Amino acid sequence: MSPTAPPRRVLAWSGPVLAALIVLPFVVPPYQTVLLSYGLVLAIAALGFNLLLGYTGLLSFGHSAYFGVGAYAVAFIVKYLKLESMEAFLLGGILASGAVAAIFGLLCVRYTKIFFGILTMALSQVLWSLAFKFFWVTGGSDGLRVPTPTLLGGLVRAGNDKFEFLSHRYYFYVLAIFVVAVAVMWVIVHSPFGRALQAIRDNETRAEFVGVQVWHYRWVAFLISGMFTGLAGALWVPLNGLTTPDILHWTFSGKMVFFTVLGGFQTFFGPIVGAIIFNYLETYAVGHTVYWQMVLGIVLVVLVLALPAGIVGTVRRLLPRPVRAV
Amino acid sequence: MDLATLVVHLLNALLYASVMFLIAGGLSLIYGVMRIVNLAHGNLYAFGAYVTAWAVGRALGTATEASLWMYALLPVGAVAAALLGAVLEPTLLRPLYRRAEEYQLLITFGLLLILEDVMRLLWGPYPLQASALYEALGSLTIGESIYPTYNLAVVVIGGVAAAGLWAFVYRTHFGVVLRATSQNMRMASALGVNVNRVYVQAFTLGCFMAGLGGSVIVPQQGAVLGMGVDALILAFVVVVIGGLGSLEGALIGALMVGLVREAGITFFPEIELAVLYLMAAVVLLIRPAGILGRA
């Protein structure tokens, strides 16, 4: 068996989970399916983000940049190229966020720790202020509208009921891409490249000694991370119907850090769980109180003080050894 | 541009620099001593602004004009922010000093979210004004322009605060202990310095400065939700340019940001903020430790 293939116990529980996700739209109300779509999209962003935090040991506080570039790339494709194909959106989102990540990464990977965090944040704020100020291009704080796309090269269309489209066809589309993204990321982190990243994370000097070209590996990790996050941004826009500068602001980066740590950044599946739970938490907090930020803040403070390993990390610690597959 | 206009622009730049120095100086002091980047620092600035605006509003009652004694209320916000800091450091930050810095950043981010809503809870979603203090001082004429006297007062307060802080850090016993702890916490501790106490004092002082920044600017700008988050990023720009942990650096950074911002508003309003963030990025790339920082 190749070293990148997932162990049997991971397949044993991920199979049923996937089956449940496929059946779900037929049992729960459509609103729940749309809500879960948001969660899955954030989970893709979290996967990308955690390649840097969990596997390379770099805490970015500017990943809103790549999510936002992915989303704005889609809006520009609609505005200037008049396309409405989701595949074009995804391609555009990945390429644009990849290009930005390639440039920003080149500047940022020379640093680590707090300097890396501040530099990524400053660069993401440049994009935010441009999106905010150049309203004739970006719509300013009103943002840009994005109509419902056609899927699979025009084979699947939205029809009249937008909500029905989002809660069924688009949900399955998001789910399929989510599964592919998880599989690709699994292969990446278990490949020799992923091992090298972890070696850098654990001991930079030693990694350099055994011949790992540290900055080059970090840059590639940064690039992949940005592209995953950009993909999430591109998938997110049709759900939201609108892209605004909020998703470029550094506080959105903060939320990405939040849900990655909520799930547990030292595990592969932690960020996915964290993103989905965070999405529910935020949605219900916003729906029930104007003080939702306080609810999130308190959860975060309690989490950091009491459960630093995150949800998945804590569950794994509590489980008996043989089941430790998560 | 004639001389009078230039003077007005320079004064505006200085006004902005004074407030930025108060915020960023506090941020830098806290980082220098404790190695913590406090993401909630901007909220302490906002808290100071709100408390002062609230106090002035209560003192005014139904009156429309401010009497002179009400200027004594300006430090109230700063003291409130300092008290808040004195409570937060031992309860939330102290348990985390031995942990990875990711957690320290995260807890201050959680604190940012909480404080933002605490202010909404206490003072509601609408802006709070203290403009009576701003108007009562009247204005003076520079050439053909009219300039508010209060702005000059803010510049003076900023200057006095910078001088006071310098004297405090370099001319008092407490300053010696503070600098010693900042340079080598373990050694200072071994020599009998109560590090926990120095940390809470440094954090309180940093919060006091942020609160003072909010207090002095609130008569001119009012207190609104979200002002803290915006101010934090600009304070980052200042400390990154000047050097994280350096007070002199914060002063130079604040002056540069003040000048660029004033020039930006006049000449390139669309990219004013982008230029500021890019300045920070460029300084980080050329001199990661900032102009006066130590790595």
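Yes or no, residue by residue, for (1) surrounded by 24 or more Cβ atoms within 10 Å (Cβ to Cβ); (2) touching a helix residue (DSSP H, G or I) at 6+ places or on another chain (Cβ under 6 Å); (3) assigned to a helix (DSSP H, G or I):
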| site | (1), (2), (3) |
| --- | --- |
| A:LEU106 | no, no, yes |
| A:ARG110 | no, no, no |
| A:ILE114 | no, no, yes |
| A:MET121 | yes, yes, yes |
| A:SER124 | yes, yes, yes |
| A:LEU130 | no, yes, yes |
| A:VAL137 | no, no, yes |
| A:PRO147 | no, no, no |
Residues of the range B:142-155 satisfying the condition of being within 15 Å of B:SER215 (Cβ to Cβ) and loosely packed, with under 12 Cβ neighbours inside 10 Å: none
Provide a single number: the residues in the range B:92-140 that are among the hydroxyl-bearing types (Ser, Thr, Tyr), surrounded by fewer than 19 Cβ atoms within 10 Å (Cβ to Cβ), touching a helix residue (DSSP H, G or I) at 6+ places or on another chain (Cβ under 9 Å) and away from every other protein chain (no Cβ under 11 Å). 3
Within the range B:72-91, count every residue that is of a type outside the set (Ser, Thr, Tyr), surrounded by fewer than 19 Cβ atoms within 10 Å (Cβ to Cβ) and either more than 30 Å from B:GLY138 (Cα to Cα) or within 14 Å of another protein chain (Cβ to nearest Cβ) (or both). 4
Filtered residue count, the range B:53-93, keeping only those that are hydrophobic (A, V, I, L, M, F, W, C) and farther than 27 Å from B:LEU205 by Cβ: 4
Please go through the range A:115-130 and give me each residue that is facing another protein chain (nearest Cβ under 7 Å) and more than 17 Å from A:MET256 (Cα to Cα), ordered by number. A:PHE115, A:VAL126, A:SER129, A:LEU130
Subset of the range B:276-288 (residues that are in contact with a Ser or Thr (Cβ under 9 Å, 6 or more places away or on another chain) and modelled with pLDDT under 80): none
Residues in the range A:81-95: is at least one among the charged types (D, E, K, R), within 14 Å of chain B (Cβ to nearest Cβ) and either in contact (Cβ under 8 Å) with a residue 40 or more places away in the chain or touching a Pro at 6+ places or on another chain (Cβ under 8 Å) (or both)? no
The residue that is farthest from A:LEU35 (Cα to Cα), considering only those in the range A:283-306 that are within 11 Å of another protein chain (Cβ to nearest Cβ) and either of a type in the set (Gly, Ala, Ser) or part of a loop (DSSP other than H, G, I, E, B) (or both), is A:ALA306
All but one of (1) within 13 Å of chain B (Cβ to nearest Cβ); (2) at pLDDT below 85 hold for A:SER60, so report the exception by its number. (2)
Of the numbered conditions (1) in a helix (DSSP H, G or I); (2) more than 9 Å from the chain's Cα centre (by Cα), B:LEU39 fails exactly one; give the number of that condition. (1)
Take the residues in the range A:124-166 that are farther than 21 Å from A:LYS79 by Cα and hydrophobic (A, V, I, L, M, F, W, C); name whichever of them is modelled with the highest pLDDT. A:VAL126
Matching residues in the range A:18-53 - criterion: being touching a residue at least 24 places away in the same chain (Cβ under 8 Å) and either of a type in the set (S, T, N, Q) or assigned to a loop (DSSP other than H, G, I, E, B) (or both): A:THR33, A:SER37, A:ASN50
Could you tell me whether the range A:272-282 includes any residue that is within 14 Å of another protein chain (Cβ to nearest Cβ) and modelled with pLDDT under 85? no
Which listed residue is more than 9 Å from every other protein chain (Cβ to nearest Cβ), out of contact with any Phe, Trp or Tyr (no Cβ under 8 Å at 6 or more places or on another chain) and under 17 Å from A:LEU107 (Cβ atoms), from B:ILE291, B:ILE286, B:ILE265, B:ILE252: B:ILE286
When residues of the range A:1-10 are limited to those that are assigned to a helix (DSSP H, G or I) and surrounded by 12 or more Cβ atoms within 10 Å (Cβ to Cβ), the one nearest to the chain's Cα centre (by Cα): A:VAL10
Residue count, the range B:205-220, condition among the polar types (S, T, N, Q), at pLDDT 90 or above and surrounded by fewer than 24 Cβ atoms within 10 Å (Cβ to Cβ), comes to 0
For the range A:174-192, how many residues are touching a helix residue (DSSP H, G or I) at 6+ places or on another chain (Cβ under 7 Å) and either over 30 Å from A:GLU84 (Cβ atoms) or aromatic (Phe, Trp, Tyr) (or both)? 3
Assess whether B:VAL229 counts as being under 14 Å from the mean Cα position of the chain (by Cα), surrounded by fewer than 24 Cβ atoms within 10 Å (Cβ to Cβ) and within 10 Å of another protein chain (Cβ to nearest Cβ). yes
When the range B:37-71 is examined, which residues are found to be farther than 23 Å from B:THR149 by Cβ and surrounded by fewer than 24 Cβ atoms within 10 Å (Cβ to Cβ)? B:VAL37, B:TRP54, B:ARG58, B:GLY61, B:THR62
Taking the range A:98-107 and keeping only residues that are over 19 Å from the mean Cα position of the chain (by Cα) and either more than 9 Å from chain B (Cβ to nearest Cβ) or among the hydroxyl-bearing types (Ser, Thr, Tyr) (or both), one is left with A:ILE103, A:LEU106
Taking the range B:1-29 and keeping residues assigned to a helix (DSSP H, G or I), loosely packed, with under 14 Cβ neighbours inside 10 Å and not hydrophobic (A, V, I, L, M, F, W, C) leaves none
Going residue by residue through the range A:228-245, is there one that turns out to be touching a helix residue (DSSP H, G or I) at 6+ places or on another chain (Cβ under 9 Å), within 14 Å of chain B (Cβ to nearest Cβ) and buried (at least 21 other Cβ atoms within 10 Å of the Cβ)? yes
Count of the range A:279-320 residues which are polar (S, T, N, Q) and closer than 16 Å to B:LEU121 by Cβ: 2
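The values are calculated or read from the model by the stated rules, or taken from the named source; none is laboratory data. Values in this document were obtained by computation on a predicted structure and should not be read as measured data. No Cβ is skipped: glycine too gets one built from the backbone with ideal geometry, and neighbour counts run over all protein chains shown.
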